[in-house]
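The values are calculated or read from the model by the stated rules, or taken from the named source; none is laboratory data. Small disclaimer: the values here were computed from a predicted structure and weren't measured. Cβ coordinates were reconstructed from backbone atoms using ideal geometry, including for glycine residues, and neighbour counts include every protein chain displayed.
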Amino acid sequence: MNKSILEETIKDGLERETPYFEKGKPQDSINSYIEKNPHRPASVLICLSCPGNVNKIEDIEILYTVRTDDMPSHKGQISFPGGKQSEGESAFDCAIRETYEEVGIEGHDFTIIGKMPVYPSLISRFFITPVVAYFKGPFDLKAANVDPREVHDVFRAPISELINADCFSKTERKFEGISYPLYEFFYNDYRIWGITAHLTFNFLRRLGYFK
């Protein structure tokens, strides 16, 4: 696939109005909760495989990490590389720094395309900016220099598997009286859920899936 085609497709998707939550009462409840509970800025990196290795969007793979059981929060869960922004740090710089610290992948290894709207994490109280990028060339994950204190495993999941109806589920969850969707993706032995699944779902919707 031509890299310019991938960039154009994703840029179009990033500009598309695709809310994380339904408008009306659900969104109003979330806005009210945020006003009463200050959130801190954070960033994650949604990194895609090199488009030169595939023929179509569905063959693109998304990078995920598995957190260790020693982490203070979200133990053993699947996530995107990322974390809390330092004071004065941009969303892009934070995503690049955290990706290097967690999995040893440097900023010159990938091309940043843009970012999705800020996602409010209600439980951990973070405003999360998902930064979207793709690898400039083939990257062997075996060469990734993971931080064993934070990352237990790193893997890539192809979009073709994530959009498979048999690998996806949606239920409803309540927190502080707020109802919102809980998404789950199942790939091999991995269960992607929580914020990571919600961001994955929204990203795939922006590409034209899950209409």
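Taking the criterion of being closer than 16 Å to THR200 by Cβ and of a type in the set (A, V, I, L, M, F, W, C), the residues of region 155-186 that qualify are PHE155, ALA157, ILE159, LEU162, ILE163, ALA165, CYS167, PHE168, LEU182, PHE185, PHE186.
Among the residues that make up region 88-105, is at least one of them surrounded by 14 or more Cβ atoms within 10 Å (Cβ to Cβ), of a type in the set (Phe, Trp, Tyr) and either in contact with a helix residue (DSSP H, G or I) (Cβ under 6 Å, 6 or more places away or on another chain) or outside any helix (DSSP H, G or I) (or both)? Taking every residue of region 88-105 in turn, none turns out to be surrounded by 14 or more Cβ atoms within 10 Å (Cβ to Cβ), of a type in the set (Phe, Trp, Tyr) and either in contact with a helix residue (DSSP H, G or I) (Cβ under 6 Å, 6 or more places away or on another chain) or outside any helix (DSSP H, G or I) (or both).
Screening the candidates ALA91, ALA157 for the property of being touching a residue at least 24 places away in the same chain (Cβ under 8 Å), under 24 Å from TYR20 (Cα atoms), out of contact with any Asp or Glu (no Cβ under 9 Å at 6 or more places or on another chain) and not polar (S, T, N, Q) yields one hit, ALA91. Taking the criterion of being assigned to a strand (DSSP E or B) and either among the hydrophobic types (A, V, I, L, M, F, W, C) or over 16 Å from the mean Cα position of the chain (by Cα) (or both), the residues of region 131-152 that qualify are VAL131, VAL132, ALA133, PHE135, VAL151, HIS152.
Answer with yes or no whether ILE60 is touching a residue at least 60 places away in the same chain (Cβ under 8 Å), under 22 Å from THR111 (Cβ atoms) and surrounded by 14 or more Cβ atoms within 10 Å (Cβ to Cβ). Quick ask: steps written out before the conclusion?
On the way: touching a residue at least 60 places away in the same chain (Cβ under 8 Å): yes; under 22 Å from THR111 (Cβ atoms): yes; surrounded by 14 or more Cβ atoms within 10 Å (Cβ to Cβ): yes.
For ILE60, the condition - touching a residue at least 60 places away in the same chain (Cβ under 8 Å), under 22 Å from THR111 (Cβ atoms) and surrounded by 14 or more Cβ atoms within 10 Å (Cβ to Cβ) - is met.
For ASP12, the conditions (1) more than 17 Å from the chain's Cα centre (by Cα); (2) at pLDDT below 90 are fulfilled apart from (2). Scanning region 106-127 for residues that are among the hydroxyl-bearing types (Ser, Thr, Tyr) and outside any loop (DSSP other than H, G, I, E, B) gives THR111, TYR119, SER121. If you filter region 155-197 down to residues that are acidic (Asp, Glu) and in a loop (DSSP other than H, G, I, E, B), you find that the one that is farthest from the chain's Cα centre (by Cα) is GLU176. Taking the criterion of being in contact with a Pro (Cβ under 8 Å, 6 or more places away or on another chain) and more than 27 Å from GLU87 (Cβ to Cβ), the only residue of region 23-48 that qualifies is GLN27.
Tell me yes or no: at least one residue of region 198-206 is part of a strand (DSSP E or B) and either closer than 14 Å to THR18 by Cβ or in contact (Cβ under 8 Å) with a residue 40 or more places away in the chain (or both). Spell out how you get there, then give the answer.
If we filter region 198-206 for residues that are part of a strand (DSSP E or B), which is where we start, we get none.
No, there is no match, as no residue in region 198-206 is part of a strand (DSSP E or B) and either closer than 14 Å to THR18 by Cβ or in contact (Cβ under 8 Å) with a residue 40 or more places away in the chain (or both).
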